[in-house]
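Below is one structure; the comments refer to it alone.
The values are calculated or read from the model by the stated rules, or taken from the named source; none is laboratory data. Because the structure is predicted, anything quoted here is derived from the model rather than measured. A quick note on method: Cβ atoms are made from the backbone with ideal geometry, for glycine too, and the neighbour counts reach across all protein chains shown. We work out accessible area using only protein heavy atoms, side chains counted, and drop any ligands, DNA or RNA first. Shrake-Rupley method; radii C 1.70, N 1.55, O 1.52, S 1.80 Å.
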Amino acid sequence: MKSIQSRLLYMLIIFILLPYFLSVLLIYGYTKNNVEKHELANNEEQLNESSKQLQQYFHELIHLPYKLYRDADLFRIFKKEVEDSSYLEKSIQNFYLVREEIRQVRFYMDKGEESVTVYNAIVSSRKSKPDLLQEPYIKKLYQSDVKQIIEPPHPLENYNNVAIVPQTDHTQVITIHHKIQDIFTGEFLGVISMDEELNELSQIAADLIKNKHESMYLINKNNQIVFSNNTKQISNPVSDSLKTTIQGEKGSDDIILSKTLTSPLHDWELVKITPSEVLFHDVRKTTFTSIIVGIIVGIFGLVMVGIITYKITTPIKRLTNKVSTIDGSYVEVPFNDQRHDEIGYLEKHMKDMMKRINHHIEREYKLELENKEIQFQALKSQVNPHFLFNALQSIGTVALRSDAPNVYHLITSLSNMMRYSMQANKWVKVKEEMRYIESYLSLQMERFHDQIHYNLQINQNILEIQIPSMILQPLVENFFKHCFEEGHTNARLNVFGERRKSYLYFKVENDEASVSDEKLEELRETIYPPSPTENHEKEHIGLKNIQDRLVLIYGDKAGINIENNKGQAFIVEIFIPLNEISFTEGRIKRESIDRR
């Protein structure tokens, strides 16, 4: 037979370590794919966010000149209807200060073919520009139906060759040319050119690009690079090699993410190129580290498996040896219940189980002795019962013929009592026990007439519950023997019964005759000793018999309790656990059938 230690060792290796290594490999592949997808999703989300920022940024810049349409006086100057240089300078200066990234603004008025620039919040004087409409982007704007056009980044240009623009300022700017028209007639009035610094675009690119090996391109619909983190490619056309890379026709491991922009950057494209080793570098490094750690943990696990199997199986072997010593006889096995783990819990319950088994063996033995004793007593008292019943019936018939119904009633009560007393060691319903008590009391009433006072109060919901016979009657009989017949003729007998939680509860009391505290303790010592076969004084045999019968039938939870109510009464309480009634009743019935 294989030991549990070797089987446990094999099971731990097969079902823990082997699946562990397989799971590490599966987790590696699964995690790698999922994390790569996650990284791609994050990059796509960043690209979408950057696209929204770009669209929002250019939307604000493109719509900035529309604020001037609210200034009617400025438009009158554009139309040459008035000459107000100071108002023009103030309006241009205010427009320049609207956004801090504006580097330079040029206002061209077509009516006089004049140009005014503002740089560093300083407005230049007017200068004639008759050839301005021939500049490439201005000409394209003038001849098209669009309202504005975006010129890719270029070095800052001194539009009017004025001294306010330093010759050393070669800042890269992106220019937005806006066409000014009469709102009602559509007449061309001039052009506003705004030179914007690239700080905002650089910030958007910085948020999108996390590694120096990554590339970002903002390409307009003319395939011209408007912005890139590689400044050398700004304003250049998209090269064929770059176009091939973006289209994915080149067999490289680069991850290409692109987003086509919408209004106001129609057909523009935002492209991000990331080498795969850069995008997944941290993921792969973490995964390989996990594999190495997993291997180390696996080796350590092999060692721990051996130790664990030894530590677990040693107490089990000891427990097995203890259990193997148990046979069908009454034994005491030294189980160790001092451990505070599962084995200790098991040993504790094994110890408790052995105690219960020994207790039940002793209980069954005592119950069998008690049953035989009761049967013997019943046989001695059963002197030709049929003859007695027939004789009592004959006497009752004579009483009726003699017109003595009271005599007939008494004989009937006596007959019922004798028939009931023959049911020793049998189960009866509570209502049958109470009917027997009522018959007994009717005989006593005839004997003592109106001197007897009693009250029977039994709850209706317990009348059908079965109990051992002759449990309450001895207590009622004690009332006459130790109370009424000793001169306490004013005493009252109270019999009370009900269900209390999980117990069937009875109380029999008299409210006058009592015992002292010393006598009460003596009674308790007489009633409660553990051995039911001891001989006791005859005057206490009724209480002792009830206590022993209840304990033997129902266990330690059942029994009687006696009190003296501080010398004012004598009370006997009976407690029967309801959860034991059906089990015990069934067992007694089966034993009775087997004996028959």
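Kindly state, to the nearest 0.05, the FRET efficiency for residue 20 paired with residue 352, given R0 = 45 Å and r defined as their beta-carbon distance.
0.70
Could you tell me which of 268, 203, 223 has its Cα farthest along the dipole of region 201-276 towards the positive end, charges placed at Cβ (Lys, Arg +1; Asp, Glu -1), taken about the Cα centre?
Checking the options against the dipole of region 201-276, the answer is 203.
Run the numbers on region 211-325 and let me know its relative contact order in percent, using alpha-carbon pairs under 8 Å that are six or more apart.
Relative contact order for region 211-325 comes out at 22 percent.
Aspartates and glutamates near residue 351 by alpha-carbon distance under 12 Å, same-chain residues fewer than 8 away left out - which ones?
332, 337
Given H placed on each backbone N at 1.01 Å, which residues far from residue 173 in sequence or on other chains put an amide H within less than 5 Å of it?
Correct list: 154, 156.
So who's got an amide H within less than 5 Å of the one on residue 453, skipping anything under 5 residues away but keeping other chains? H placed 1.01 Å off N, in plane.
Under 5 Å from the amide H of residue 453 lie the amide H atoms of 493, each far enough along the sequence or on another chain.
Tell me, in nm to one decimal, what length is gained between residue 490 and residue 53 on full extension, where the rule is 0.36 nm per residue of separation less the Cα-Cα distance?
Additional length available on full extension: 146.8 nm.
How much accessible surface does residue 253 have with a 1.4 Å probe, in Å² rounded to 10?
110
How many nm is it between the label spots at residue 460 and residue 163, if each spot is 7 Å from the Cα in line with the beta carbon?
Going by the 7 Å Cα→Cβ label model, 12.1 nm.
Provide the per-residue ³J(HN,Hα) series for region 86-94, in order, calculated from phi with Karplus coefficients 6.51, -1.76, 1.60 and θ = phi - 60°, each as a whole number of Hz, with x at glycine and proline positions.
Values, residue by residue: 5, 5, 5, 4, 5, 5, 5, 5, 4 Hz.
Compute the length gained on full extension between residue 207 and residue 406: take 0.36 nm times their separation in residues and subtract their Cα-Cα distance, giving the result in nm to one decimal. Kindly include the intermediate steps, with their values, before the conclusion.
Numbers: separation 199, 0.36 × 199 = 71.64 nm, distance 11.42 nm.
Gain on extension, residue 207 to residue 406, equals 60.2 nm.
Over the heavy atoms of residue 277, what accessible area does a 1.4 Å probe trace out, to the nearest 10 Å²?
The accessible area comes out at roughly 110 Å².
Give, rounded to the nearest 20 debye, the magnitude of the charge dipole that region 201-276 has about its Cα centre when Lys and Arg contribute +1 at Cβ and Asp and Glu contribute -1 at Cβ.
Values: 8 positive and 8 negative charges, 32 e Å.
About 160 debye.
With a Förster radius of 56 Å, plug the Cβ-Cβ distance of residue 82 and residue 247 into 1/(1 + (r/R0)^6) and report the FRET value to the nearest 0.05.
Using R0 = 56 Å, I get an efficiency of 0.50.
Mind giving me the FRET efficiency for residue 256 and residue 345? R0 is 60 Å, r the Cβ-Cβ distance, nearest 0.05 is fine.
For R0 = 60 Å, the calculated efficiency reads 0.40.
On the full set of protein chains, 1.4 Å probe, figure out the accessible area of residue 16 and give it in Å² to the nearest 10.
Near enough 90 Å² of accessible area.
Per residue of region 193-203, in order, report the coupling 6.51 cos²θ - 1.76 cosθ + 1.60 (Karplus, θ = phi - 60°) as ³J(HN,Hα) in whole Hz, putting x for Gly and Pro.
For region 193-203, the Karplus-derived couplings read 10, 10, 8, 10, 5, 9, 4, 5, 5, 5, 5 Hz, x marking Gly and Pro.
Got a sec to turn the phi values of region 171-182 into Karplus ³J(HN,Hα) couplings, 6.51 cos²θ - 1.76 cosθ + 1.60 with θ = phi - 60°, whole Hz, x for Gly and Pro?
3J(HN,Hα) across region 171-182, in whole Hz: 4, 6, 10, 10, 10, 10, 9, 10, 7, 9, 10, 6.
Largest first, how would 191, 323 line up by accessible area (1.4 Å probe)?
Greatest to least solvent exposure: 323, 191.
How far apart, in nm, are two points set 7 Å out from the Cα along the Cα-to-Cβ line at residue 453 and at residue 518?
Distance between label points: 3.1 nm.
Among residues other than residue 230 whose Cβ falls under 14 Å from its Cβ, what is the net charge (Lys/Arg +1, Asp/Glu -1)?
Value of the local net charge: +2.
Multiply the residue separation of residue 13 and residue 134 by 0.36 nm, subtract the distance between their alpha-carbon atoms, and state the gained length in nm to one decimal.
35.1 nm
List the aspartates and glutamates whose alpha-carbon lies under 13 Å from that of residue 37, not counting same-chain residues fewer than 8 positions away?
Hits, sequence-local ones excluded: 45.
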